[in-house]
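Here the structure is laid out as structure tokens; the discussion comes afterwards.
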Amino acid sequence: MTSRARFSIVVPAHNEEAPLPRGLEAIRCAVARSGSSSEIVVVANRCTDATQSIAEAAGAVVVVDEQRNFAATRNAGVAASIGEVVVTIDADTVMHPDALAEVSHLVDSRATGRSPIHGCFSRMNPRPPSQLTAFVIR
């Protein structure tokens, strides 16, 4: 039996071919530094550029979504994900290298209850890991 990934990083994307490679590389770096298993889920929302093919070439799970609602698009990615902890981040955002390690620490240090934990992260401006993208424990 395959073990469940620790993290699912869900990346909603609408015509994000320019910033997506940098964002995916930053996610890969954060995954490596966390030492945890993960999957990256890119939700290609009504894309007319190379967003989908860039995500596929990077090894991401790609969900094609045609909805005109950001929350529904993000939720399509969450529904397709398998990780214990779901982290969402915009396609034009660069994740801090320590972000997932800090999320993992926060999740591990919580009581046994499973409630959402939220944080924020600035677009294209890596901040200290205390400012994280939104995430939730399944």
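Since every read-out is calculated from the coordinates, none of them should be taken as a lab result. These numbers were taken from a predicted model, which means no experiment stands behind them. With ideal geometry, Cβ positions are generated from the backbone for all residues, glycine too; neighbour counts draw on all protein chains shown.
Values computed for the structure shown
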| quantity | calculated |
| --- | --- |
| Fewest-first ranking of HIS14, HIS105, HIS96, using other Cβ atoms within 10 Å as the exposure measure | HIS105, HIS14, HIS96 |
| Footprinting exposure proxy for ILE54, ILE9 (fewest neighbouring C-beta atoms within 10 Å first) | ILE54, ILE9 |
| J(HN,Hα) series, the range 93-108, from Karplus relation 6.51 cos²θ - 1.76 cosθ + 1.60, nearest Hz, glycine and proline x | 10, 9, 6, 5, x, 9, 4, 5, 4, 5, 4, 4, 4, 4, 5, 5 |
| Residue order, fewest to most beta carbons within 10 Å, for CYS29, CYS47 | CYS29, CYS47 |
| Cα-based shape type of the range 30-85, given that a ≥ b ≥ c are square roots of the gyration tensor eigenvalues and the cut on a/c is 1.5 | oblate |
| Separation in nanometres of the label points that stand 7 Å from Cα toward Cβ, at ALA18 and GLU66 | 2.8 nm |
| Long-range amide H partners of VAL94 with built H, under 5 Å | MET124, ASN125 |
| Dipole of the range 13-73 [Lys/Arg +1, Asp/Glu -1 at C-beta], most positive-end residue of LEU24, SER53, VAL43 | LEU24 |
| Environment charge at ALA101 (Cβ cut-off 13 Å; Lys +1, Arg +1, Asp -1, Glu -1) | -1 |
| ³J(HN,Hα), Karplus 6.51/-1.76/1.60, whole Hz, each residue of the range 82-87, x for Gly, Pro | 10, x, 5, 10, 9, 10 |
